[in-house]
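**Student:** Take this structure first; my questions come after.
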């Protein structure tokens, strides 16, 4: 992803996640803080989707539409902020490929776990990719900034979830 991609990324976000709006400053900041974790997926006539991800603290969740200012020095997990694909880019394995690439990047960066907030009906997708719900009452307020269906999920990168 490059700064020039942000207007199109914002359009994809508006279509895929209309109930979870975030300002362009959030996307620009994530890109500036961790460019290696911000990816775009080419699709038919243009952009088919994007990923925002970065190092973070396990058990902590940035509130929706919030700036981070900096990544934590003691990051102990790799956080997937957003994986969004337009309908035309779905069904061909692109999302699974993105998750595999993010897991490889997280491992290479020294992380043993990945974490995310699953929104909408996405928890099943994330379960199929080795994530499990991690219930933590301390996260309830942050998750509420997403919606009542939001779930904090974690994947252990040291365990081969495909053989479980």
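**Student:** Quick one: in the stretch 60-78, which of the residues that are modelled with pLDDT under 95 and either over 18 Å from residue 35 (Cβ atoms) or touching a strand residue (DSSP E or B) at 6+ places or on another chain (Cβ under 6 Å) (or both) is surrounded by the most Cβ atoms within 10 Å (Cβ to Cβ)? Give the derivation first.
**Tutor:** So the first thing to find is which residues in the stretch 60-78 are modelled with pLDDT under 95, and the list is 60-66, 73-74.
Applying the additional criterion that residues be either over 18 Å from residue 35 (Cβ atoms) or touching a strand residue (DSSP E or B) at 6+ places or on another chain (Cβ under 6 Å) (or both) yields 60-61, 63-66, 73-74.
Values: 60: 17, 61: 23, 63: 12, 64: 19, 65: 13, 66: 14, 73: 6, 74: 6.
This residue is 61.
**Student:** Right, here's the next one. Being modelled with pLDDT of 95 or more and out of contact with any strand residue (DSSP E or B) (no Cβ under 7 Å at 6 or more places or on another chain) narrows it down to one of 45, 24, so name that one. If you could, list the steps in order and put the result at the bottom.
**Tutor:** Values: 45 fails: modelled with pLDDT of 95 or more.
So the residue among 45, 24 that is modelled with pLDDT of 95 or more and out of contact with any strand residue (DSSP E or B) (no Cβ under 7 Å at 6 or more places or on another chain) is 24.
**Student:** Looking only at the stretch 30-59, which residues are surrounded by 13 or more Cβ atoms within 10 Å (Cβ to Cβ), part of a helix (DSSP H, G or I) and in contact (Cβ under 8 Å) with a residue 40 or more places away in the chain?
**Tutor:** First pass over the stretch 30-59, keeping only residues surrounded by 13 or more Cβ atoms within 10 Å (Cβ to Cβ): 30-31, 33-35, 37-41, 43, 47-59.
When the remaining residues are screened for being part of a helix (DSSP H, G or I), the result is 30-31, 33, 35, 37.
Selection gives 30, 37.
**Student:** Now for a different question. Please go through the stretch 103-122 and give me each residue that is in contact (Cβ under 8 Å) with a residue 40 or more places away in the chain and farther than 10 Å from residue 157 by Cβ, ordered by number. Explain how you work it out, then say what you get.
**Tutor:** Of the residues in the stretch 103-122, the ones in contact (Cβ under 8 Å) with a residue 40 or more places away in the chain are 103, 105-107, 109, 111-115, 117, 119-120.
Scanning the stretch 103-122 gives 105, 109, 115, 117, 119, 120.
**Student:** Here is a follow-up. Tell me, please, whether a residue that is surrounded by 13 or more Cβ atoms within 10 Å (Cβ to Cβ), in contact with a helix residue (DSSP H, G or I) (Cβ under 7 Å, 6 or more places away or on another chain) and not in a helix (DSSP H, G or I) can be found in the stretch 9-20.
**Tutor:** no
The values are calculated or read from the model by the stated rules, or taken from the named source; none is laboratory data. Quick caveat: nothing in here was measured; it's all calculated off a predicted structure. Backbone-built Cβ (ideal geometry, glycine too); neighbour counts: all protein chains shown.
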